[in-house]
Amino acid sequence: MPISDLEAHVAPVVAEVRERIAAARARGGHGQDVTLIAVTKTHGPEAVMAAWQAGITDVGENRVQEAEAKMAQIAVPVRWHLIGHLQRNKARNAARFDLVHSLDSERLAVALDDAAGEAQRVLEVLVQVNVSGESTKSGFALHDLPGVAERLHGCRHLCVRGIMTMAPFDAEEAVLRTVFGGARDARTLLQAGGHPADWLSMGMSGDYEVAVEEGATHVRLGTMLFGGRT
Ligand SMILES: *Cc1c(COP(=O)(O)O)cnc(C)c1O
């Protein structure tokens, strides 16, 4: 799409999504702030700019290399979120992001901690949990969390801000609520383990309203904003 068409498409969708988020937040009663992350994977830098023009300040990408190419072309100060699985040999590049949602192993935590230390910064991360136990999804099991929370204190350059999870695709509402409720429990375990873990990144195009009802602080929307990916 030409950039002006893309902007004309995205702005009203963002307005409607924000209304739906506000309504879901009121229904859920958790009282949280909700950050809308525009997931621009597979789309060009013009998608980032269209989101920015619509008032979005947070952008999510799955792959480090694709994100770096876009970062080089974007001059406005969006916050960059890494939401996809990260290989340890890319940890150094991941230290450029503002928030890494996909901390899914202790070995990756050590690699990210080293990378953040080299970059002389503290990197904010979310611990990914696999509540449903699907073998295709990465992330810790709930019962891993107390031990993980304790050992993450050894990563001096990481700041553990909360939990990220993904629900099964096309799940029915009861399953979604179980998964999102499990993510809330995981957050409680991090907090009990002494981390400033207020955030819950959950909810995609198909399930973000239920996620916000269940307390999501960050929703990650791609298809809803930009249409299908080819
Ligand atoms: C692609 C992706 C999204 C966005 O998915 P949509 O269904 O297009 O909104 C959100 N989170 C993660 C981890 C993703 O990989």
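Every read-out reported here was derived from the displayed coordinates using simple, explicitly stated rules and does not represent laboratory data. Here the structure is a predicted model, which means the values were calculated and not measured. Ideal geometry is used to build each Cβ from the backbone, glycine not excepted, and the neighbour counts take in all protein chains shown.
Computed FRET efficiency, Cβ-Cβ of Ala69 and Arg92, R0 22 Å: what is it to the nearest 0.05?
0.85
Please order Val127, Val34 by the number of other Cβ within 10 Å, starting at the fewest.
Val34, Val127
Using all C-alpha to C-alpha distances in the chain, build P(r) with 10 Å bins and read off the rounded percent in each one.
8, 34, 37, 19, 2, 0
In whole angstrom, how long is each semi-axis of the equivalent ellipsoid of the range 161-222, when you take the square root of 5 times every eigenvalue of its Cα gyration tensor and sort them from largest down?
For the range 161-222, the ellipsoid semi-axes come out as 21, 12, 8 Å.
For Val122 and Arg18, what is the calculated FRET efficiency with R₀ set at 30 Å and r taken between the beta-carbons, to the nearest 0.05?
0.50
With just the Cα atoms of the range 14-62, tell me how far they stretch along each of the three principal axes, in Å, largest first.
Projected onto its principal axes, the Cα set of the range 14-62 covers 36, 21, 14 Å.
From the phi of every residue in the range 55-63, what ³J(HN,Hα) in whole Hz does the Karplus formula 6.51 cos²θ - 1.76 cosθ + 1.60 yield, where θ is phi - 60° and glycine or proline is x?
My calculation for the range 55-63 gives x, 7, 10, 10, 10, x, 9, 8, 10 Hz in order.
With a point put 7 Å past each Cα toward its Cβ, work out how far Ser4 is from Arg151 in nm, to one decimal.
About 5.6 nm, to one decimal.
Express the Stokes-Einstein translational diffusion coefficient of the range 89-210 in µm² s⁻¹, to the nearest whole number, given a Kirkwood radius over alpha-carbon pairs, 25 °C and a viscosity of 0.890 mPa s.
In µm²/s, the coefficient rounds to 169.
For Ser102, which sequence-distant residues (separation of 5 or more, or a different chain) have an amide H within less than 5 Å of its own amide H, given hydrogens modelled in the peptide plane?
Leu126
Just to verify a number: FRET efficiency for Thr136 and Val175, C-beta to C-beta distance, R0 = 22 Å, to 0.05?
Using R0 = 22 Å, I get an efficiency of 0.90.
Whose amide H sits under 5 Å from the amide H of Gly60, counting only residues 5 or more places off or on another chain, with H placed in the peptide plane?
Residues meeting the criterion, in which the H sits 1.01 Å from N, are Ala38, Val39, Thr40, His81.
Whole angstrom only: what separates the Cα centroid of the range 184-230 from the Cα centroid of the range 96-128?
Measuring centre to centre over Cα atoms gives 19 Å.
Given H placed on each backbone N at 1.01 Å, which residues far from Leu158 in sequence or on other chains put an amide H within less than 5 Å of it?
Leu123
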